Amino acid sequence: MSDLIDDPSPGMNEPEFTVSEFSNAIKRVIEGEFGHVRIRGEVGRVSRPRSGHVYLDLKDDRSVLSGVIWKGVATRLSVQPEEGMEMVATGRITTFGGQSRYQIVIEDLKPAGLGALMAMLEKRKAALAAEGLFAPERKRKLPYLPEVIGVVTSPSGAVIRDILHRLRDRFPRKVLIWPVAVQGEKCAPEVANAIRGFNALDPGGRIPRPDLIIVARGGGSIEDLWGFNEEIVARAAAASDIPLISAVGHETDTTLIDFVSDMRAPTPSAAAELAVPVRLDLLAWVEGQGARMSHAAGQGIAARGQRLRDLARALPRPQTLIEGAAQRLDRAGERLPAALITGVQRRQVHLSQRAGALRPATLRRQIAQERRHLDGLAPRLAAGLLQTIRTRRDALGRRTDRLSPGPILRDIAARADRLAAVARRLALAGTPRIDEARRRLAALDRLRETLGYKATLRRGYAVVRGEAGVLTTRSAAENAGALEIEFQDGRLKIGGGSASKTRKPAKPPKQGSLF
């Protein structure tokens, strides 16, 4: 203890220490005396602050030892500590001077034995069963022939090869592999994320959504399979909307995911067998069904044909059916001429009787009678017409009295006022628009004057024309027989020939033709 203060007071031989010096001395003694130790005890209080470190107590029936697991070590543990578990902690003993206590810094933590793991597993299993996650009514029926199968397993193990080989032998299907760690501290979160990831895929998306999920792993010890006993994996499997087959371990291995899955397969190969039927068996079954259908159809047709023949034998011959009708038709044909003659004679007699009752004197008497009746009505007709005219005239007079031009004049005046108001509003609304259009027209005219070549001529430029029109190059001007130059105040002809016959250009010259 070279850092101890050796400054004895008069009359005292004991050295004096500061609190920190004494704490450091104890720390060195304890850490030097106890290197790496393995301590077995029951896990008591467990605390997990936001920092990620884990603080816990290891205890037995008489003593309690504080422990700490740093964040980096806690994430690598295969089994997380829970209160009540009996575990073996490996680490180093140190002191914490801030609270005058000693503690173990745990570097590895494992269950004390199979019994502890099984006790924790049974506790977790009972809790999940109480929530109804193992209920048979929650389990869904597997699709008969899934289009896409999602497999959650290690991509480098023999499990995926067995599944693919089995699927290829039975009925080839599309397979999506989600690679995960199948043991260790990363196993549980990666498997849970894979199940949730398959469920999060959109149906019909770029990556197809599986119709069935297989979670598979080969055999191993309970510690190797412990990731599939984690609560996060069991809840992810229970919450899956896609039917799920668990194929973890061998037939004798059982994990929590087996209880919440929709179907448990004893081996990964058996999971592939549960996922799809045998293609050859299906083909044989379809062929058998086709043969049965053909045979049944043939038998049905034969039975109906026989039935038709039996019924046909019970029916009379067609000739027999029409013989009676033909005979009746012949008898009616024989009786028809006599019946026609008799009918004509009877009608002739009836006509003669009626004609005998018609006499010219009778007609003349009826005509005279009708004429007298008409003559009697004629004098009454004029009086009736006059009376009707007087009645209609009185009614018209009464209605004429009620017709006055006043309402019509008032209506005309009101409508004239409305028309004048509308005219004033139209004038007020149209004047600004006319002024605006006039201003725009003036601006466009000014722009036209500015962009026209006449304004350019006023700035000192000129337009040179030849026989072919406007000249834009010196060589064209030298070759021209005659030139015509247009200035602001007129045109000047240079040379003779046909160039002197100037004509107004059809459109303004290009900018390059101005000097």
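Here ILE245 does not fit the description of being among the β-branched types (Val, Ile, Thr), touching a residue at least 24 places away in the same chain (Cβ under 8 Å) and in contact with a Pro (Cβ under 8 Å, 6 or more places away or on another chain).
For the range 141-163, the condition of being out of contact with any Lys or Arg (no Cβ under 9 Å at 6 or more places or on another chain) and among the polar types (S, T, N, Q) holds for at least one residue.
For the range 285-329, filtered to residues that are modelled with pLDDT under 85 and of a type in the set (D, E, K, R), the residue that is surrounded by the most Cβ atoms within 10 Å (Cβ to Cβ) is GLU323. The requirement of being in contact (Cβ under 8 Å) with a residue 24 or more places away in the chain, surrounded by fewer than 19 Cβ atoms within 10 Å (Cβ to Cβ), out of contact with any strand residue (DSSP E or B) (no Cβ under 8 Å at 6 or more places or on another chain) and of a type in the set (A, V, I, L, M, F, W, C) is satisfied by LEU282. For ALA129, the test of being surrounded by 13 or more Cβ atoms within 10 Å (Cβ to Cβ), more than 19 Å from ALA237 (Cα to Cα), touching a residue at least 24 places away in the same chain (Cβ under 8 Å) and not assigned by TED's automatic domain parsing to the domain that holds MET263 is failed.
Could you go through the range 216-227 and let me know if any residue there is in the same structural domain as GLY150 (by TED's automatic domain parsing) and either in a strand (DSSP E or B) or under 34 Å from the mean Cα position of the chain (by Cα) (or both). Scanning the range 216-227 turns up at least one residue that is in the same structural domain as GLY150 (by TED's automatic domain parsing) and either in a strand (DSSP E or B) or under 34 Å from the mean Cα position of the chain (by Cα) (or both).
Residue-wise test of (1) assigned to a loop (DSSP other than H, G, I, E, B); (2) modelled with pLDDT of 80 or more.
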| position | (1), (2) |
| --- | --- |
| ARG448 | no, yes |
| VAL464 | no, yes |
| SER475 | no, yes |
| ALA499 | no, no |
| THR502 | yes, no |
| PRO505 | yes, no |
| PRO508 | yes, no |
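Of the residues making up the range 480-491, those that are surrounded by fewer than 12 Cβ atoms within 10 Å (Cβ to Cβ) and not in a loop (DSSP other than H, G, I, E, B) number 1. Candidates are the residues of the range 73-121 that are polar (S, T, N, Q) and not in a loop (DSSP other than H, G, I, E, B); the one that is modelled with the highest pLDDT is THR90.
On inspection, LEU145 qualifies as farther than 20 Å from THR267 by Cβ, within 26 Å of the chain's Cα centre (by Cα) and in a loop (DSSP other than H, G, I, E, B). When VAL248, VAL278 are screened for being farther than 30 Å from ASP108 by Cβ and more than 34 Å from the chain's Cα centre (by Cα), only VAL278 passes. Taken across the range 45-63, residues that are of a type in the set (Lys, Arg) and at pLDDT below 85 do occur, with at least one present. State all residues of the range 17-71 that are crowded, with 17+ Cβ neighbours inside 10 Å and over 59 Å from the mean Cα position of the chain (by Cα); if no residue qualifies, say none. If the condition is that a residue be crowded, with 17+ Cβ neighbours inside 10 Å and over 59 Å from the mean Cα position of the chain (by Cα), then ASN24 is the only one that fits. Only one of the listed residues (ILE177, ILE149) is in contact with a helix residue (DSSP H, G or I) (Cβ under 9 Å, 6 or more places away or on another chain), surrounded by fewer than 18 Cβ atoms within 10 Å (Cβ to Cβ), at pLDDT 90 or above and not assigned by TED's automatic domain parsing to the domain that holds GLY72. That residue is ILE177. Please verify whether the range 157-169 includes one or more residues that are surrounded by 13 or more Cβ atoms within 10 Å (Cβ to Cβ), over 30 Å from the mean Cα position of the chain (by Cα), among the β-branched types (Val, Ile, Thr) and outside any helix (DSSP H, G or I). No, every residue in the range 157-169 fails to be surrounded by 13 or more Cβ atoms within 10 Å (Cβ to Cβ), over 30 Å from the mean Cα position of the chain (by Cα), among the β-branched types (Val, Ile, Thr) and outside any helix (DSSP H, G or I). If you check ALA234, ALA302, ALA312, ALA270 for being in the same structural domain as PHE198 (by TED's automatic domain parsing), more than 35 Å from the chain's Cα centre (by Cα) and not in a loop (DSSP other than H, G, I, E, B), only one passes: ALA270. Scanning the range 203-251 for residues that are modelled with pLDDT under 90, charged (D, E, K, R) and more than 20 Å from PRO189 (Cβ to Cβ) gives ARG206, GLU251.
The values are calculated or read from the model by the stated rules, or taken from the named source; none is laboratory data. Please read these numbers as outputs of a predicted model, since none were measured by experiment. Quick reminder, even Gly has a Cβ in these numbers, built from the backbone with ideal geometry, and neighbours come from all protein chains shown.
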